[in-house]
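Notes follow once the structure below has been shown.
Every number in this text was worked out from the coordinates using simple rules, so none of it is lab data. Source: prediction; values computed, not measured. Please note: Cβ atoms are built from the backbone with ideal geometry, for glycine as well, and neighbour counts cover all protein chains shown.
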Amino acid sequence: IGFWFHPLEKTLKSGLNNSYSLKNLTLQDSIKRNQAQNFKNANLPVIYITNSLSSSFSKGSALTEQINPNRSSSTYSNKISVNLTWNFFNAGQNHNSFKAKKAEAESEKLQFLNLQNVIKTNINEAYLNLLKNKEKLISTKQEIYASKEALRLARLRYEVGISTLKDVLIKQKELTLSQSKNIDAIYNYNINLDKLERLTFLRKNKDC
């Protein structure tokens, strides 16, 4: 049903780069490491600056016998402060959470490496089996041609009386066996071709 023209190196690279499972493990590892860093930073002091600006306006006189309505006054206040907060003691809760998330991230990393090896093994096996069955396709096809010719000659010898029906049946059985092996080779070839497509997201060439 097709031909796999991609070399093994490209096949492996595409399989690893396009694996959704590997991408998910990479994402989970990144999330766990960020969470661990957040727990670690929770014990650090936080310094921040605040700036408060206020103003007031008054019109008229105060503390006088005669009120002057045209008199006015205003005041402005600007306050800058440096603040420090430090949650330096929480019974080690943040530290324990940091270690837990760090361990989870390492677990994700190990799962990634393990799955990566599994994917490599599956791709290598499918690729080598494809090559093996391609050779079987050729050899069994040649075997069919040879069996057909042997059967033709056996029938000719039987017709002229220099061979027996048993010889013809044996050659016919050999032809059937070679055709069966050819069908098995085609089946296994197509199975591994489909497997490579699913593992690597590459496409086969339909022009055999």
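Overview of results
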quantity	calculated
Helix axis angle, 93-159 relative to the chain longest principal axis, alpha carbon, degrees	20 degrees
Distance-filtered residues of the stretch 118-153 - backbone nitrogen under 19 Å, label point 7 angstrom along Lys206 Cα→Cβ	none
Sequence-distant residues sharing a close amide H with Phe3 (under 5 Å, placed H)	Asn205, Lys206, Asp207
Net charge of Cβ neighbours under 15 Å - reference Lys10; Lys, Arg +1; Asp, Glu -1	+2
Relative contact order [Cα under 8 Å, 6+ residues apart], the chain, whole percent	33 percent
The chain, dipole about Cα centre (Lys/Arg Cβ +1, Asp/Glu Cβ -1), debye to the nearest 20	240 debye
Debye-sum result for the stretch 166-208 in log10 I(q)/I(0), which assumes one identical scatterer on each alpha carbon, at q = 0.19, 0.27, 0.33, 0.35 Å⁻¹	-0.66, -0.90, -1.03, -1.07
Pairwise FRET efficiency - Leu27 versus Asn96, Cβ, R0 = 30 Å, nearest 0.05	0.75
Efficiency of FRET between Leu156 and Ile1 - r from beta-carbon atoms, R0 45 angstrom, step 0.05	0.75
Amide H partners (placed H, <5 Å) of Ser163, local residues excluded	Tyr158
Length added when fully stretched, Ile183-Leu137, from 0.36 nm per residue minus Cα-Cα	15.7 nm
Residue of Leu84, Leu130, Leu25 that the Gaussian network model of the chain assigns the largest fluctuation, springs spanning Cα pairs under 10 Å	Leu84
Separation in nanometres of the label points that stand 7 Å from Cα toward Cβ, at Tyr76 and Lys148	10.3 nm
Phi-based couplings in Hz for the stretch 21-30 (Karplus 6.51, -1.76, 1.60; Gly and Pro marked x)	5, 5, 4, 5, 5, 4, 5, 5, 4, 5
Gyration tensor (alpha-carbon) shape descriptor, the stretch 89-201, a/c threshold 1.5	prolate
Hydrodynamic radius of the chain per Kirkwood, over alpha carbon pairs, in Å	25.7 Å
